[in-house]
Structures are given as C-alpha cells and as structure tokens.
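Every read-out reported here was derived from the displayed coordinates using simple, explicitly stated rules and does not represent laboratory data. All of these numbers come straight from a predicted model, not from anything done at the bench. Glycine gets a Cβ as well: all are built from the backbone with ideal geometry, and neighbour counts include every protein chain shown.
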Amino acid sequence: MSEYAGVRGTVWFHAFTGRSSPMHGDPKSVLTGDASLGNEHARFLCVVPDPHGRFPCARHGEVGLEEAVTLATRVREVIEHDKNTIKRPIIAIVDVKSQAYGRREETAAIFLAAAAAADAYGSARLAGHPVIALVVGHALSGAFLTHGYQANRILAFDDDGVMIHAMHKEAAARVTRRSVDELEKLAKEIAPMSYDIRDYAKLGLLHKLLHVENPVKPSQQEIRNVQNELVAAIADARSGPVDLRNRLESTAARETRKASLLVRSKLEAQWLEK
Amino acid sequence: MSNEGYNARFINRQSFIELGARERAKALFDAGTSRELLGPFDRVESPWLAMQGVTPQEDDGCVVMKGKIAGQAAVVVALEGAFQGGSIGEVSGAKMTAALDLACADNEKGIRTSAVILLETGGVRLQEANLGLAVIAELMASILALRKHAPVICLTAGTVGCFGGMSLAAGLASYVVMTREARLGMNGPEVIEQENGVEEFDSSDRALIWAIHGGEQRYATGLADALVDDDTPQVANAIRHFTSKGIPAVHRSSQVALYRNRIAKLDTSQQWDPKEFRALWTTNGSNEENR
C-alpha cells in the first residue's frame with residue numbers, strides 16, 4: 001500500500017493542460033484548466049495539497065470547504081457557458097486523501113459544500129456533459145463522493161498507488177473492532193472490502209483500468225495513451241443515458257451485485273401492484 | 001403559556017423518536033394509504049454480512065413504503081438506526097435508490113410523486129465498504145434526478161443522526177426537517193478527534209457536539225428548513241407541508257455563490273463559537289426564505 005503523497009494529481013493535471021496553477025481567485029488547492037482533448041476542448045479539475053491553505057485541517061490534499069465550493073463553482077461555470085451549445089467534457093482527476101476532518105468544517109457545514117460539488121458534477125452529467133473521473137491516486141470516502149463519483153464513466157490506473165475506499169485501513173479496523181491484519185485477510189476474500197484496485201474492478205463500477213509504468217513520471221507516449229482512453233470514454237458516455245445505470249449493467253456488476261439487481265427487479269414489480 | 005399547559009402538552013406528546021423505522025414511515029402517510037414494498041418477508045438480505053459472522057436482517061435495516069401524503073403519491077424510505085447503526089450496505093442502498101428511481105419514472109409519466117428519506121445513519125457500512133460508498137453515490141444521483149420533478153425531503157429525527165457520506169444525501173435534499181434531538185454533519189466528533197486530535201474536537205464535550213451538529217443550530221444557520229418537536233403529529237404535519245409545497249426555486253446545494261462567499265469571509269485563524277456563528281450564517285440561505 002503506497003502512502004498518499006499528493007503528487008500524482010499535479011503531475012497529470014500538468015500533463016493534460018500544461019498548467020500547474022489555479023484559476024484567478026481560486027485557492028491553491030484546486031486546479032482547473034481547459035485544454036484540448038481529441039477534437040474538442042475539455043475542462044480538467046483536480047484537488048492538490050496546499051500546505052499554507054486557510055483551513056488547518058485541509059492542507060494535505062483533503063477536500064475541505066474551499067475545495068468543495070471551488071469545484072462546484074468551476075463545474076457550474078461550464079454548465080452555464082455551454083447551455084446552448086455542445087456540452088464539453090469535464091474531467092475530474094482524482095487524487096484525494098480524504099474529506100477534511102475538522103471542527104471549523106463541521107460548523108460551516110462541510111456536508112453541504114461537498115453536496116454542492118456533487119450537485120454540480122451530477123447536474124453537468126444530467127445536462128449532457130460527459131463527466132469522466134480519472135483516478136490516478138487515492139479516492140477516499142467523502143472526498144471521492146465530492147469529486148469524481150458522480151461521473152458517467154470512471155477510469156483508474158491499475159497500480160498499487162491507487163486506492164478507492166470508504167475509509168483508510170487503520171480507522172476501518174478500529175471501527176469494525178478488528179486488527180489491521182484481520183482486516184487485510186477479510187479484504188482478500190470479500191471484494192467490496194479490498195483495498196486493491198484490481199478487486200475494486202470486480203464490483204463493476206469502473207469503465208476501464210489503465211496501466212502506466214510510472215504514474216509519477218509518465219512518458220509522452222503514455223500521456224497520449226491516457227488521452228486516447230479519455231476520448232474513448234467520452235464517446236462512450238455520449239452514446240449512453242445520462243444516469244449511472246451502466247455501473248449496474250456491466251458484466252462484473254451482474255456477477256458481484258446480484259443483490260442490487262434483485263432489489264431493483266423485485267421493488268419494481270411490487271411498485272406496480274394494486 | 002402556563003407551566004401546567006406546557007407540561008400537559010409534553011405529557012401528551014406522541015414521541016416520534018421512540019418509533020422504529022417501520023412505524024415512523026407509516027406515521028407520515030395519510031391513514032390507510034400506505035403499503036410496504038420489499039418488506040422483511042421478501043428476505044432480501046445483505047449477502048456480505050454473514051460471510052463476516054455478522055447477523056443480517058431481513059429488511060437490511062431499510063423500510064420502503066408507498067402511499068399518499070396530503071392526498072398525493074409519495075414514497076417514504078426509512079433507515080433503521082437500531083440495525084448496524086443505520087449504516088448503508090449494498091441492499092439498503094439499492095432499496096433507497098430503486099425507490100427514488102421508480103418515483104422519478106412515475107413523475108416522468110405525469111404521476112407526481114414526492115419522496116421522504118428518513119436518515120438515521122453513520123454512513124457507509126464498513127463491512128460492505130466500497131459497495132456502501134458506491135450506493136451512496138448512486139443514491140445521490142437519484143436524488144438529483146428526482147428533485148427536478150418533485151421534492152425530496154430529508155427527515156432526521158434522532159437519535160442516531162445523519163453522518164458520513166449520507167450527510168451529502170441530506171445536503172442534496174429539497175428540504176431538511178430536524179428535531180432538537182437530531183444531529184447532522186459529515187464527520188462525527190470521534191472521527192475528528194482520532195484524525196486531528198482532542199484539541200481539534202473533544203468528543204467527550206457533549207455541549208459542543210450539540211452546539212455544532214444539533215438540529216437547533218442547523219435550523220438557526222439556515223441549513224435545515226424546519227425544526228420540529230419530538231411529536232409524531234407535528235413531524236407528519238411538517239412533512240405534509242413540504243410535500244405540498246413543491247420544489248424550491250433553487251436547491252440549497254445549488255446556491256454555490258452564496259456559500260462560497262460565506263466561506264471566503266470566515267476568519268480561520270481561530271475556532272468559532274457556535275452561538276456567534278449563528279450571527280454570520282443567518283437563515284437567509286434557507287429554502288423557505290428563498291422562495
């Protein structure tokens with residue numbers, strides 16, 4: 001398990017946009033940029049660490065109040081701009097440690113700020129923007145719900161530095177009253193508990209796993225390959241419905257999420273009765 | 001009001017908090033109109049809990065009911081806080097999402113159907129970890145789709161409260177109804193203390209917890225639309241009010257400029273006194289006032 005370093009997001013944001021600074025007026029922890037992708041322009045967004053950020057509990061790559069409302073603003077800007085024209089793709093580059101755990105954050109309703117970002121991404125998807133999440137590093141818990149999980153399609157790198165999970169290992173072990181060793185053993189048998197991205201892929205939520213030899217230092221060819229995968233995912237998103245049903249219709253989901261599918265079919269049948 | 005009158009009112013209260021999820025859901029409908037869908041006799045349980053030696057429950061701690069509220073079609077989904085802390089697993093999450101999607105489809109067919117979600121939950125069920133997180137994302141997507149057509153009302157009565165990823169679901173709701181006994185927040189005090197130390201949040205300081213997460217504070221700062229007593233008729237009345245009201249002009253989670261400005265103005269060099277914070281965030285942001 002690799003530790004979160006907060007480098008990957010910056011590297012990939014720069015690889016796609018040629019930029020590494022925030023937009024005017026934004027906190028340093030949110031990078032937004034427009035750049036060409038395939039035959040069109042796309043908006044790229046990324047949360048990065050800012051050791052001098054205003055909020056002490058959101059200086060290491062966490063998604064806090066400012067990060068969430070800035071993402072919401074920059075996504076909504078695109079929805080508004082493209083209202084009467086072709087909907088440009090929105091790419092969330094995901095490398096987020098967690099949500100910010102702080103008293104200030106709770107007092108000022110981080111739940112609402114996070115919801116505002118998810119609202120923006122989800123509304124963009126419903127409006128017809130292809131929203132793609134590219135998980136290049138960590139995608140944890142509330143941070144992923146805020147930034148990325150409302151995407152039409154989710155792509156992820158397949159190396160050990162990538163982690164999608166509900167809670168980091170030590171905390172999850174504490175809450176479920178297990179040792180980290182026990183948790184790791186269980187995670188090997190039970191796919192949704194695993195911290196391995198290759199097990200996550202078995203849940204059917206991913207569009208595709210991508211391989212990059214060294215995600216901290218990608219070659220030009222690898223960057224082009226990932227761009228091509230983004231273009232393909234955008235085309236796929238545009239060809240399908242704007243909801244998230246693809247996550248349940250995938251081959252892997254039909255196997256792993258039988259219970260979800262059973263709930264949906266039974267509930268639909270009973271909904272129509274009487 | 002005389003003390004005697006107050007006491008009589010208190011004694012005659014029909015507690016909502018003391019009800020289980022099934023009774024809570026039922027209490028919100030017009031009498032005799034509700035029926036439960038995918039109830040315990042259908043036995044759709046979590047496939048993941050038994051594998052870990054945890055006893056599943058035949059409704060997975062989630063009750064779905066369909067019926068009428070104030071004469072109009074509605075679906076109520078209630079989480080049972082007494083089962084695994086109301087945590088969201090694959091099945092309970094799928095039940096919520098499917099119910100909201102069916103309501104959305106009915107609206108698209110011209111049958112106006114609103115939704116009420118009763119959230120008593122700590123968030124993701126860690127035994128189902130990544131599927132729990134995934135179903136919360138799916139539930140959020142379904143709330144966003146449904147609330148274009150009809151209100152989605154979040155009711156958090158207590159005593160579990162609404163935390164973790166599910167607080168984002170509450171954040172997306174058209175209206176939020178709380179009691180003084182309810183709490184709403186993303187991270188509970190214990191988690192904050194573990195992650196950032198007791199100086200950041202002393203989880204044994206009950207007064208501080210209520211002052212930040214409690215229903216009274218959330219209502220006073222415009223983050224909840226109604227504060228009700230722990231009284232079943234009063235709760236049901238508030239729900240009828242909001243289902244009849246229709247969707248807000250702008251949902252709270254879409255008022256980005258308002259909240260971005262408020263956050264930008266905060267002095268982050270110190271912790272804030274929750275009482276003083278009320279003066280900064282008045283109820284102007286509430287959907288009630290924005291109408």
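What to note about this one:
- Whether segment B:13-290 is rounded, prolate or oblate, judged on the alpha carbon gyration tensor where a/c under 1.5 counts as rounded: oblate
- Within chain A, the whole DSSP H helices whose Cα atoms reach 27 Å or more along their own axis and whose mean Kyte-Doolittle score is at least -0.5 are A:220-239.
- When the Cα gyration tensor is reduced to axis lengths a ≥ b ≥ c, the ratio a/c is 1.5 or higher for segment A:1-121, and with a/b not above b/c it is classed as oblate.
- Within the protein assembly as shown: Cβ-based charge dipole about Cα centre, in debye rounded to nearest 20 (Lys, Arg +1; Asp, Glu -1): 1460
- B:THR113 long-range amide H proximity, modeled H, under 5 Å: B:ASN107
- Length, then width, then depth: along the principal axes, the Cα atoms of the protein assembly as shown run 77, 54, 53 Å.
- When the helices of chain B are scored as -39500 (n - 2.57) per DSSP H run of n ≥ 4 and the total is divided over every residue, the value at 222 nm lands at -11500 deg cm²/dmol.
- Annotation for segment A:10-77: trypsin sites (Lys or Arg not before Pro) lying in DSSP loop with at most 16 further Cβ atoms inside 10 Å of their Cβ are A:ARG19, A:LYS28, A:ARG59.
- In chain A, helices alone account for a calculated mean residue ellipticity at 222 nm of -13000 deg cm²/dmol, with every DSSP H run of four or more residues adding -39,500 (n - 2.57).
- Listed residues B:LEU146, B:VAL235, B:SER204: farthest to the positive end of the dipole of the protein assembly as shown (Cβ charges): B:LEU146
- Across B:ASP42, B:ASP231, B:ASP59, mean-square fluctuation computed from a Gaussian network of chain B (C-alpha pairs under 10 Å connected) peaks at B:ASP42.
- Dmax and Rg, reported as Rg then Dmax, of segment A:8-243 (C-alpha, Å): 17.2, 55
- As a rough footprinting exposure proxy, the listed residues B:ASP101, B:ASP202 were ranked by other beta carbons within 10 Å of their own, and the order from fewest upward is B:ASP202, B:ASP101.
- Under 10 Å, Cβ to Cβ, from B:ASP229 - net charge with Lys/Arg +1 and Asp/Glu -1: 0
- Cβ-derived FRET efficiency at R0 30 Å, A:SER219 paired with A:SER36, nearest 0.05: 0.95
- Qualifying aspartates and glutamates (Cα of each under 19 Å from Cα of A:LYS202; at least 8 residues distant if same chain): A:ASP158, A:ASP159, A:ASP160, A:GLU184, A:GLU189, A:GLU249, A:GLU255, B:GLU90, B:GLU128, B:GLU138
- Charge dipole magnitude, Cβ of K and R +1, D and E -1 - segment A:8-243, Cα centre, debye nearest 20: 240
- Across A:LYS169/A:LYS217; B:LYS148/B:LYS245; A:LYS28/A:LYS87, pairs whose alpha-carbon gap is larger than 20 Å: A:LYS169/A:LYS217; A:LYS28/A:LYS87
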